[in-house]
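Take a look at the structure below.
Coordinate-derived values only; no laboratory data. Predicted model, so just to flag it, every value in this text is computed and none were measured. Glycine gets a Cβ as well: all are built from the backbone with ideal geometry, and neighbour counts include every protein chain shown.
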Amino acid sequence: MELFFNPFDNLLCILLGISFTVWFTLLLVFIIVPAIFGVSFGIRRLYMKTLLKIFEWATLRIERGAKEKNHHLYKPYSNAIIAREPTSLEEEIKEIRRSGSNKDLDSATEFEMSDIFYFARRGVESIMDDEVTKRFSAEELESWNLLTRSNYNFHYISLRLTVLWGLGLLIRYGFLLPLRVTLAFTGVGLLVFLTSLIGLLPNGRMKNFLSEKVHLMCYRICVRALTAIITYHDSENKPKNGGICVANHTSPIDVIILASDGCYAMVGQIHGGLMGVIQRSMVKACPHVWFERSEVKDRHLVAKRLSDHVQDKSKLPILIFPEGTCINNTSVMMFKKGSFDIGATVYPVAIKYDPRFGDAFWNSSKFGMVNYLLHMMSSWAIVCSVWYLPPMSREEGEDAVQFANRVKAAIARKGGLVDLLWDGGLKREKVKDTFKEEQQKLYSKMLVGTQEDRSRS
Amino acid sequence: MGSSSSNLNTIPNSQELMQETGFSAAHLLRLYERFEFLDKDNKGHLRPEDFEAVQELSTNPIGDIIIGSFFSPGQETVDFPSFVRILAHFRPAEKNRTRDGAQPEPANSSTGKLKFAFQLYDRDRDGKISREELLQVLRAMLEMQVTEEQLESMAERAIQEADLDEDDAISFDEFKKSLEKVNIDHKMSIHFMK
């Protein structure tokens with residue numbers, strides 16, 4: 001019995017050995033070496049084009065299948081379930097009253113029982129579909145990208161499609177995922193190791209040069225670990241030393257995407273665990289701005305450290321995401337004014353993900369970090385565009401909030417995102433009562449205004 | 001990340017609901033997703049807190065009153081059928097609909113919509129809008145912007161205009177009569193996309 005197994009065992013070992021070697025050589029040649037030098041073979045773009053063709057075919061197939069069965073295809077709306085007219089409070093209430101009475105409008109704009117219709121309708125509309133919470137759910141797709149998580153017409157799929165989907169599943173989880181995880185570990189491991197090494201060098205030009213190279217290399221490996229296909233536009237506007245780089249936030253991956261094309265000083269809270277290890281070793285090689293948890297609450301301390309960093313022209317530009325939270329990449333929410341108060345030049349950057357390949361949005365209230373990363377690594381690819389906008393500075397007579405809004409509008413315009421006034425932080429807290437006041441003020445102006453006229457006449 | 005794929009079979013009693021409310025399958029599905037979305041901890045029902053998470057609703061002066069209308073008196077939760085039944089009030093009314101007397105009044109008819117609006121005022125559901133209830137709604141809509149006297153005079157005027165049997169409260173019929181000229185269907189309907 002043993003004799004029978006031995007040669008088989010040997011053969012198995014040899015085969016495994018060979019495949020591992022081949023595997024790693026391929027990995028090295030096609031992925032890691034280009035990452036080190038910052039060149040690209042164009043494999044990922046070819047991959048992207050092929051995928052797109054397959055997706056189109058799959059969507060057509062579903063539509064055909066649905067037509068054959070004569071069913072109403074459920075289309076995931078990229079817009080709302082309801083259409084809301086952008087009329088104002090005054091217009092609407094006047095209209096309600098106009099239809100309700102023959103009295104002369106000017107003398108009778110006092111409270112009417114029918115006024116409640118307006119508020120009731122608006123209220124129910126927002127229950128069914130409101131601007132803000134829509135921004136926080138994953139964007140819905142028009143075509144199907146072979147991920148069941150983004151499709152609602154699954155039961156219209158033919159055998160051929162199911163096979164294709166199964167194949168896709170196999171490729172994604174059996175081949176792509178292990179590949180990516182390996183790369184991720186390599187990238188992170190190298191980052192920690194090399195930055196710690198560099199930390200041993202004396203401060204000087206050599207250290208900065210090496211640190212730059214190491215950071216770039218490791219981030220590029222991470223980019224490949226996610227199969228991220230990034231197009232950078234307007235690189236002449238890349239942030240320079242002494243400036244603050246400001247971008248819209250969709251996921252923690254934003255950091256990797258930006259940092260693989262330029263060197264930044266990161267800002268953030270020191271975490272424990274693996275994240276903390278990475279943070280601590282990064283700061284050995286070049287100065288990042290990490291805060292202890294207790295320091296984060298102290299606004300002045302934060303502002304001081306940031307402005308100190310910015311004033312030292314030898315230090316790298318700071319990277320900040322002023323929205324404060326992840327938005328689902330269809331809009332830009334209110335920027336927190338802290339970073340705009342410091343007085344440094346601001347370099348805005350717009351990041352827009354292409355949702356057809358994989359949804360990069362991190363809904364932190366629904367998914368944890370590990371879950372999210374797994375999702376990311378088992379998607380087809382992450383395709384995004386990065387636009388570097390020309391630098392902006394605070395103008396005379398402009399306060400931090402206005403400056404922040406100006407930058408926000410520029411980013412939204414460039415990235416094709418909707419510029420919203422809402423504060424992203426509010427998604428988790430209850431809205432302060434001051435917002436209700438706005439509506440109340442509008443309404444009362446309509447009513448009380450006329451009462452004053454009456455008392456005069 | 002996109003919700004998991006769902007179809008009509010995941011919604012219990014979907015056929016009856018469609019009959020009762022008049023929503024199409026596609027709309028019902030969409031509303032179910034919205035329900036699931038609002039139900040953040042996957043409880044299967046909604047509580048007032050889930051509604052309060054809708055930011056726009058918080059800026060609506062009568063936001064709390066609208067939330068209250070979803071919950072039957074004494075109830076702390078609302079399930080999907082009840083959720084949809086309330087929303088059905090805001091469907092545009094069908095034109096030229098003939099119905100026999102045996103069928104219950106559809107939620108989205110003029111009367112159905114009026115009933116919903118009436119209940120926004122009549123919070124204790126006793127069938128009459130009392131002066132106090134009217135004041136409460138006025139207070140919600142205007143809060144700090146007017147004085148208490150102004151609120152009271154507005155309420156007084158409204159009651160005087162509508163209260164026909166002089167019992168110092170507005171019954172449903174009086175409510176209906178005072179609004180008979182308003183194009184209720186237009187003002188209390190939400191435009192659903194195809």
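General observations
- Loop-located trypsin sites (Lys or Arg not before Pro) in region B:38-94, at most 12 other Cβ atoms within 10 Å (DSSP): B:Lys43
- Antiparallel DSSP beta bridges within region A:158-428, as percent of all bridges there, nearest 5: 25
- Each peptide in A:230-239, B:114-123, A:12-21 gets a packing score, the mean of other Cβ atoms within 10 Å over its residues, and the list from highest to lowest is B:114-123, A:230-239, A:12-21.
- In a simple Cβ point-charge model (Lys, Arg +1; Asp, Glu -1; nothing else charged), region B:106-194 has a dipole of about 840 debye relative to its Cα centre.
- Debye, to nearest 20: dipole size of chain B, +1 on Lys, Arg Cβ, -1 on Asp, Glu Cβ: 1200
- Student exercise, region A:158-428 dipole from Lys, Arg, Asp, Glu Cβ charges, in Debye to nearest 20: 580
- Shielding by partners - mean other protein chain Cβ count within 10 Å, residues of B:24-32: 3
- Between the amide H of B:Met193 and those of A:Ile82, A:Ala83, distances stay under 5 Å, these residues lying 5 or more places away or on another chain, with hydrogens modeled in the peptide plane.
- Size descriptor, Kirkwood hydrodynamic radius, that averages inverse alpha-carbon separations across chain B, Å: 18.7
- Cα-projected label distance for A:Leu200 with B:Glu180, points at 7 Å along beta-carbon direction, nm: 9.5
- Too-long pairs where the Cα-Cα distance tops 31 Å, listed order kept, from A:Lys49/B:Lys40; B:Lys43/B:Lys128; A:Lys408/B:Lys113; A:Lys49/A:Lys240; A:Lys445/B:Lys176: A:Lys49/B:Lys40; B:Lys43/B:Lys128; A:Lys408/B:Lys113; A:Lys49/A:Lys240
- Taking each residue as 0.36 nm, the span from A:Lys304 to A:Met369 lengthens on full extension beyond its C-alpha to C-alpha distance by 20.3 nm.
- Averaged over peptide B:47-59, the number of partner chain Cβ atoms lying within 10 Å of each residue's Cβ comes to 6.
- Using a Förster distance of 30 Å, the FRET efficiency for A:Ile270-A:Lys313 (Cβ separation, nearest 0.05): 0.70
- Average beta-carbon neighbours from other chains, 10 Å sphere, peptide B:119-129: 1
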